[in-house]
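Asks: Let me give you the structure first, and then I'll get to my questions.
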Amino acid sequence: MRKLWGGAFAEDTDGLVNRFGQSIHTDLHFWQEDLIGSVAHARMLGAQGVITHEEASVLMRGLEQIHEEGPKNLPQDVEDIHTAIEVRLGEIVGEVAGKLHTARSRNDQVATDTRLYLHNELIELFDLLKKLQGLLLDQGSQFRDALMPGWTHQQRAQPITLGFHLMAHFWALQRHGWRAERLFELANYSPLGSAALAGTSFPIDREATAHELGFIAPIPNALDATSDRSYIMDALHVCAGIMIDLSRISQELVLWSGREFGFVSLSDGVTTGSSIMPQKRNPDMAELIRGRTGRVIANWVTLATTMKALPLGYNRDTQDDKPPLFDSMGKVKDAIKLVHLMLESATWNLERMSQSVWGDFSTATDLADFLATTGVPFRHAHEMVGQVVRGCLERGLVLEELDAARLREIAPDVPASALSVLKPGESIRRRESLGAPGPNAMQRQLEHGRRIWESAGFGKIA
Ligand code: ARG
């Protein structure tokens, strides 16, 4: 195996050591970031007179050629991507390639690569989150008045609308957007030029490389710059949070597409069949998202465990920060796209959803609220309605079927004017408090959501 070190070693390393320590296959994920970082470093070395302008141009042209060739020409019998690129550069430009590593170490290099990778991934993530939010906003308006049950404790609670429910997911994604934006900023500082842990005696310009690479500024302490992995933990946490919320949407789709609910039908493009039962239409993508959420959570725990009690200074343990990062980023991006596809192509059975609310006693709270508006203390109203519910159950009736005569028989204290609030549609129309599903409140919420969604980035809450 070709290495960037070995001068002090009389014998070759064991084959197992090579295999156990190799990261080239994982590193190929960020081969471009490694090149871009090297170009900035070479330019800066030339500008500072650490190497000549000619040498810097030769190095940059060589790196450019590697970029054009793509990763297929990079050697694989090497430890890592940094070695692969330096070896290939040597093949192209000759001995001057050995000057590229002046005033840097793989320790600042790998930290730079990971931050650049994260930067690009987050831009993609922002875009996917925004697209899914856009769909939720559109469907939130489309289904603003579509009645459906609302649950607490997984028991029928109060009627809501599908638009209201979808908008709840919109706001969850909004928070992920804000978190990811914060992470984007925190991660956007440059470790390059910190060298192994303690800087360098060469007159380098860390501001210049930071600026060229799009970072806000250099990280002020070289030891911190090469030891810190908190930005990866933050990214893994953001990924886990998004997956957790996508798993909740997925669980709803699994549940609601089953015959017991029959609320939604998922399209052919996002479902699969069974090899034995011809009638089956399985929501596999939703199930996989639900299942893979476990792994994305575990990725965060994996790195947090690695970092716990790790002394400052580069430690090889942190080589393994990248597989979880690449894995979580890949999974979360796919999961967002799949949830988008599933929702975009879903057919909602609005009739069945609204019918399912009928007879579930979920307007009982509205009745209690109504009585309270007539001056009855709410606690007492609650008890009177309890009596109405019991009376109905004993007679095999549902609230919507009550008429003045039956109401008088069951609960003589409840006036007949209360009957008007027992219809689910009426129940929703009356709930107009801020954040409630009433049509006017929902309209305001939809406009608020759209205003934020249309602003740059993830906007501000106000
Ligand atoms: N493959 C290593 C990593 O990902 C690169 C840095 C290696 N540095 C070292 N001193 N061995 O962390």
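Asks: Tell me what the chain gives for mean residue ellipticity at 222 nm when only DSSP H runs of n ≥ 4 count, each as -39,500 (n - 2.57), the sum divided by the residue total, rounded to 500 deg cm²/dmol. Intermediate values should be presented prior to the final figure.
Replies: Values: 18 runs with 275 residues, N = 462.
Calculated from helices alone, the mean residue ellipticity at 222 nm is -19500 deg cm²/dmol.
Asks: While we're on this one: Compute the relative contact order of region 268-370 as a whole-number percentage, counting only Cα pairs closer than 8 Å that sit 6 or more residues apart in sequence.
Replies: Details: 42 pairs, mean separation 22.5, N = 103.
Relative contact order for region 268-370 comes out at 22 percent.
Asks: Take every DSSP beta bridge whose two residues both sit in the chain, then give the antiparallel share in percent to the nearest 5. Write down the numbers at each step before the final one.
Replies: On the way: 9 of 12 bridges.
About 75 percent, rounded to the nearest 5.
Asks: Separate question: Note the angle between two axes, namely the Cα long axis of helix 284-307 and the longest principal axis of the Cα atoms of the chain, as a number of degrees from 0 to 90, rounded to the nearest 10.
Replies: Taking the Cα atoms of the chain, the angle to 284-307 is about 50 degrees.
Asks: Right, another one. Rounded, prolate or oblate: pick one for region 1-61, where a ≥ b ≥ c are the square roots of the eigenvalues of its C-alpha gyration tensor, a/c under 1.5 means rounded, and failing that, prolate if a/b is larger than b/c, else oblate.
Replies: Taking the square roots of the gyration eigenvalues as a ≥ b ≥ c, region 1-61 is oblate.
Asks: Mind checking the full-extension length gain between SER433 and ARG61? Use 0.36 nm per residue of separation minus the Cα-Cα distance, one decimal, nm. Don't skip to the end; give the middle numbers.
Replies: Details: separation 372, 0.36 × 372 = 133.92 nm, distance 6.40 nm.
Gain in length upon complete extension: 127.5 nm.
Asks: Taking only the alpha-carbon atoms of the chain, what semi-axes of the equivalent ellipsoid follow from 5 times the gyration tensor eigenvalues under a square root, in whole Å, largest first? Write out the running numbers ahead of the final one.
Replies: Working: eigenvalues 748, 104, 69 Å².
The answer is 61, 23, 19 Å, longest axis first.
Asks: Please give the per residue volume of the convex hull enclosing the alpha carbon atoms of region 317-462, rounded to a whole number of Å³.
Replies: On the way: hull volume 33.0 nm³, N = 146.
About 226 Å³ per residue, rounded to a whole number.
Asks: Please give the helix 322-344 orientation as an angle from the longest Cα principal axis of the chain, in degrees from 0 to 90, rounded to the nearest 10.
Replies: Between the helix axis and the principal axis of the chain, the angle is about 40 degrees.
Asks: With a sphere of radius 15 Å drawn around the Cβ of TRP358, what net charge do the other residues whose Cβ falls strictly inside it have (Lys, Arg +1; Asp, Glu -1)?
Replies: -3
Asks: Kindly provide the pair-distance distribution of region 382-448 built from C-alpha pairs, with 5 Å bins from 0 and whole-percent values in order of increasing distance.
Replies: 3, 17, 22, 18, 12, 11, 9, 5, 2, 0
Asks: List every residue whose amide H lies under 5 Å from the amide H of GLY150, counting only residues 5 or more places away in sequence or on a different chain, with H placed 1.01 Å from N in the peptide plane.
Replies: ALA157, GLN158, ILE160
Asks: Among VAL87, VAL110, what is the fewest-to-most ranking by other Cβ atoms within 10 Å?
Replies: On the way: VAL87 17, VAL110 25.
Exposure proxy ranking, most exposed first: VAL87, VAL110.
Asks: Let me ask something else. Going by C-beta contacts inside 10 Å, put LEU63, LEU213, LEU312 in order with the fewest on the left. Kindly include the intermediate steps, with their values, before the conclusion.
Replies: Numbers: LEU63 25, LEU213 20, LEU312 12.
Lowest count first: LEU312, LEU213, LEU63.
Asks: Moving on. Would you mind ranking PHE202, PHE370 so that the residue whose beta carbon has the fewest other beta carbons within 10 Å leads the list? The partial results should precede the final answer.
Replies: Details: PHE202 15, PHE370 22.
The most exposed by this proxy come first: PHE202, PHE370.
Asks: Any idea how far apart GLU185 and GLU69 come out in nm if each label point goes 7 Å out from Cα toward Cβ?
Replies: Placing both labels 7 Å along Cα→Cβ, they lie 4.2 nm apart.
Asks: Would you mind checking the tilt of helix 230-257 against the longest principal axis of the Cα atoms of the chain, expressed as 0 to 90 degrees and rounded to 10?
Replies: 30 degrees
Asks: Under 16 Å Cα to Cα from LYS460, which aspartates and glutamates show up? Leave out anything in the same chain fewer than 8 places away.
Replies: In chain and number order, the partners are GLU181, GLU185, GLU447.
Asks: Convert each backbone phi in region 10-16 into a coupling constant with the Karplus relation 6.51 cos²θ - 1.76 cosθ + 1.60 (shift: θ = phi - 60°), then list the ³J(HN,Hα) values in order as whole Hz, x for Gly and Pro.
Replies: 7, 10, 6, 6, 5, x, 5
Asks: Here's something else I'd like to know. Only Cα pairs under 8 Å and at least 6 apart count here; give the relative contact order of the chain as a rounded whole percent. Walk me through the numbers on the way to the answer.
Replies: Values: 628 pairs, mean separation 70.0, N = 462.
Computed over the chain, the figure is 15 percent.
Asks: Which pairs, out of LYS72/LYS331; LYS131/LYS337; LYS308/LYS331; LYS130/LYS331, put more than 20 Å between their alpha-carbon atoms?
Replies: On the way: LYS72/LYS331 25 Å; LYS131/LYS337 9 Å; LYS308/LYS331 25 Å; LYS130/LYS331 17 Å.
Long pairs (Cα-Cα over 20 Å): LYS72/LYS331; LYS308/LYS331.
Only the coordinates and a few stated rules stand behind these numbers; no lab work does. Keep in mind the model is a prediction, meaning the values are calculated, not measured. Every residue, glycine among them, receives a Cβ derived from its backbone with ideal geometry; neighbour counts consider all protein chains shown.
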